[in-house]
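Trainee: There's a structure below that I have some questions on.
The values are calculated or read from the model by the stated rules, or taken from the named source; none is laboratory data. Here the structure is a predicted model, which means the values were calculated and not measured. Cβ coordinates were reconstructed from backbone atoms using ideal geometry, including for glycine residues, and neighbour counts include every protein chain displayed. Protein only, heavy atoms only, side chains kept; ligands, DNA and RNA dropped before computing areas. Shrake-Rupley method; radii C 1.70, N 1.55, O 1.52, S 1.80 Å.
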Amino acid sequence: MGLITELLTLPIAPVRGVVWVAEKLNDAAERELHDPGVLRTQLAVLNQEFEDGDIGLEEFEREEERLLDRLHAARARSSPNDRR
């Protein structure tokens, strides 16, 4: 960029910074949301909570199904499409 362009776009520099930070946070959240390791850890914690009696069977089954669906989707995203 030239000097004039830099000067003209200077007032929106904070907005670009905020957008950059928001994109980085979104990327990190997406990685964590679809990370099989994180999902397996959440399943283990859920199982421990159920065994300790902290949550009931209905809540356990609902959360387990949600986590297993996310884990399946994460694995499908990471494996190549074999339907050719």
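Trainee: What's the long-distance tail for the chain, i.e. % of Cα pairs beyond 21 Å? Provide the component values of the computation, followed by the final result.
Mentor: On the way: 1960 of 3486 pairs.
It works out to 56 percent of all Cα pairs.
Trainee: Would you work out the relative contact order for the stretch 34-84, in percent, from Cα pairs under 8 angstrom that are 6 or more residues apart?
Mentor: Values: 24 pairs, mean separation 25.9, N = 51.
Answer for the stretch 34-84 is 51 percent.
Trainee: To continue, here is another question. Calculate for the chain the 222 nm mean residue ellipticity that helices alone would give, adding -39,500 (n - 2.57) per DSSP H run of length 4 or more and normalising by residue count, nearest 500 deg cm²/dmol.
Mentor: Result for the chain: -26000 deg cm²/dmol, rounded to the nearest 500.
Trainee: Another question about this same structure. Probe radius 1.4 Å, ligands and nucleic acids ignored: give me the carbon and sulfur share of the accessible area of the chain as a rounded percent.
Mentor: The computed percentage sits at 57.
Trainee: Something else about it: Please give the per residue accessible area of the chain, computed with a probe of 1.4 Å over protein heavy atoms only, in Å².
Mentor: Values: 7010 Å² over 84 residues.
Roughly 83 Å² per residue, with all protein chains present.
Trainee: Specify which residue in the list 74, 25, 13 is farthest towards the positive end of the charge dipole of the chain, using unit charges on the beta carbon of Lys, Arg (+1) and Asp, Glu (-1), about the Cα centre.
Mentor: 13
Trainee: Something else about it: What is the extension gain from residue 9 to residue 26, computed as 0.36 nm multiplied by their sequence separation minus the C-alpha to C-alpha distance, in nm to one decimal? Walk me through the intermediate numbers first.
Mentor: Details: separation 17, 0.36 × 17 = 6.12 nm, distance 2.48 nm.
Contour length minus the Cα-Cα distance gives 3.6 nm.
Trainee: Could you rank the peptides 39-47, 8-16, 55-63 by their average count of other C-beta atoms within 10 Å per residue, with the highest value first?
Mentor: Working: 39-47: 14.2, 8-16: 9.9, 55-63: 12.3.
So the peptides 39-47, 8-16, 55-63, ranked by packing, come out 39-47, 55-63, 8-16.
Trainee: Moving on. Taking the 0 to 90 degree range and rounding to the nearest ten, how far is the long axis of helix 13-33 tilted relative to the main principal axis of the chain, both from C-alpha atoms?
Mentor: Helix 13-33 and the main axis of the chain meet at about 20 degrees.
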